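A short worksheet on the structure shown next.
Readers should treat all values here as calculations from the given coordinates under stated rules, not as data from a laboratory. Note that the structure is a prediction, hence the values are computed from the model and not measured. Quick reminder, even Gly has a Cβ in these numbers, built from the backbone with ideal geometry, and neighbours come from all protein chains shown.
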Amino acid sequence: MLTAMNDDFPILAAVAAQPTHPYALLDHLAESGLPVTRSTLYRRVDALLAQGWLSATDVRGENGHFRRALTLTRRGREQLLGDCREVLATAALESPLFALAIAAFADAGPEALAAILKPRMAAAARTLTTEELALRNVTAGPGELARSRRIAHLQADIAWLQGLLGRRVVEPSSGREGPGARASA
């Protein structure tokens, strides 16, 4: 699993979202919930420049000072897409890394995103079914409350993933088959 600054993914994803200079990148990562020190960020940016994953050009800022404007190179974009696949398949949906991966992976297209998220959604649906069946067999107690919470989280995760994939869940209006079943938009 990738972590905030043990990997270069957050930097590459943030630069992909908006080419910028390192100081603005520091603010962006902090606002995204990924705390990073200035020294760590600048060391990683220098390493990514040396690896050829980022390129930098000096541009004059509003106050007249020169700043390094960072952009992704072709090699950096390839690395980022591979990292996005890993994050989208494994990171918690509510994590800042998942949000960065969704934003960065948008260029890959909806089919590529669906190829990664469908198996994850199917696994969540299988787990949801297992939890719901187990809940029916549990007597009232602390286990029931914990299981109910897991079910609610799984339902929310599935609904959110469906939203990302451009689908919607149609709530049942009655106990009958038909329009109350899940449908694609």
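Neighbour counting of Cβ atoms within 10 Å sorts the residues Phe66, Phe98, Phe105, fewest neighbours leading, into Phe66, Phe98, Phe105.
Pull out the extension gain between Ala92 and Thr129, defined as 0.36 nm times the separation in residues minus the alpha carbon to alpha carbon distance; nm, one decimal. Can you show the working numbers first?
Numbers: separation 37, 0.36 × 37 = 13.32 nm, distance 1.98 nm.
Stretched out fully, the Ala92 to Thr129 stretch lengthens by 11.3 nm.
Would you please name the GluC sites (Glu not before Pro) within region 79-164 that are DSSP coil residues with at most 14 other C-beta atoms within 10 Å of their C-beta?
Values: sites: Glu86, Glu94, Glu111, Glu131, Glu132, Glu144; in loops: Glu94.
In loop regions of region 79-164 (DSSP not H, G, I, E or B), the sparsely surrounded GluC sites (Glu not before Pro) are Glu94.
By other beta-carbon atoms within 10 Å, ranking Val59, Val45, Val36, Val87 with the fewest at the front produces Val59, Val36, Val45, Val87. In this structure, the amide hydrogen of Leu54, modeled 1.01 Å from its nitrogen in the peptide plane, lies closer than 5 angstrom to those of Leu49, Thr73, counting only residues at least 5 positions away or on a different chain.
The calculated FRET efficiency for the pair Ala152 and Tyr23, based on their C-beta separation and a Förster distance of 41 Å, comes to about 0.50.
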